Ligand code: ADP
């Protein structure tokens, strides 16, 4: 279902500010009920900073240890909730203490967690991360309960979705569940945003069910099978993805913003200039915020500006979930 781009996209700041100001009016509450259903992963990152990464068989005594909640599904759900969305998460956690903590934290963000299943006898997903002084890292992931997200569980999202709603999903959970979610959303005529990360080959059927695809450049190149080294590469990748049935392609370009392509329109929407500190999770914040703006029926070009602003704020802060900005901060950056 292609999303129309408004030619005059300069009205973004005004329009979003109006949405913000009227959010408490009764009329606005009625029209603001569109929901974002996120189908995806939840992980806990366990991180140790070291001077050099350990080689096989080597022990390196490191600095501090810290944990951070991650997983693309949970990251995007938190980003969308903070950006002002009404968010429900469909995911799997283990029956361990990590699962208890994660569930409580997600609920505290205002995310509806009724559809998060606790899988008996299974551990929650974890990523063991070692980071050296130069920021190089070595990561081992145990997907745990994430690998058990089944199509039957996901199909319950059909009951959660109305035609005004948005399904937001990624590729850290089994592909058949992503496909089941996209089919269910299509059946409910809800829009589907797929953040195709980590990149992998995708069936045409899935791409044909996607309203908006949000790869970064490397992911776009991998999925389209086209090198993306310059603007021509961007156009070629977008054309290939549009030919395979995607409604709109939004390729994120780091500090440069995002390239938006539909069959009728092409536009590079510049990013916001900020002092970047940690770009972890920028793509997740981008997709979460984009889903909020599209659920609010903001046209695609304006929605991408909103997502650029949210992601720009996030790169000025450490981490993924903690860095996701609140709606008022995003509107402030857009208005400034
Ligand atoms: P990913 O994190 O998935 O690799 P990108 O690096 O393309 O994706 O970043 C996603 C979005 O985050 C960009 O489209 C942009 O809006 C924002 N962003 C990333 N890096 C910066 C930066 N240095 N300055 C401003 N915005 C940034």
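The values are calculated or read from the model by the stated rules, or taken from the named source; none is laboratory data. It should be emphasised that the depicted structure is a prediction, and the values quoted were computed from it without experimental measurement. Here the Cβ is made from the backbone with ideal geometry for all residues, glycine too, and neighbour counts use every protein chain on show.
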**Asked** When the residues of the range 244-288 are filtered to those that are outside any strand (DSSP E or B) and closer than 17 Å to residue 226 by Cβ, which remaining residue is farthest from the ligand (Cβ to nearest atom)?
**Response** 245
**Request:** Test each condition in (1) out of contact with any strand residue (DSSP E or B) (no Cβ under 9 Å at 6 or more places or on another chain); (2) at pLDDT 95 or above for residue 277 and report the one that comes out false.
**Result:** (2)
**Request:** Filter the range 322-336 down to residues that are closer than 23 Å to residue 67 by Cα and within 14 Å of the ligand (Cβ to nearest atom), then give me how many there are.
**Result:** 3
**Prompt:** Across the range 169-199, what is the total count of residues that are part of a helix (DSSP H, G or I) and crowded, with 21+ Cβ neighbours inside 10 Å?
**Reply:** 7
**Asked** Of the residues in the range 79-100, how many are in contact with a strand residue (DSSP E or B) (Cβ under 8 Å, 6 or more places away or on another chain), in a helix (DSSP H, G or I) and within 25 Å of residue 310 (Cβ to Cβ)?
**Response** 2
**Item:** Count of the range 322-336 residues which are under 18 Å from the mean Cα position of the chain (by Cα), crowded, with 21+ Cβ neighbours inside 10 Å and under 19 Å from residue 301 (Cα atoms)
**Value:** 1
**Asked** Of the residues in the range 306-321, how many are surrounded by fewer than 24 Cβ atoms within 10 Å (Cβ to Cβ) and either more than 9 Å from the ligand (Cβ to nearest atom) or assigned to a loop (DSSP other than H, G, I, E, B) (or both)?
**Response** 5
**Request:** Select from the range 205-226 the residues that are more than 15 Å from the ligand (Cβ to nearest atom), closer than 17 Å to residue 252 by Cβ and not in a helix (DSSP H, G or I) and list them in ascending order.
**Result:** 210, 211, 226
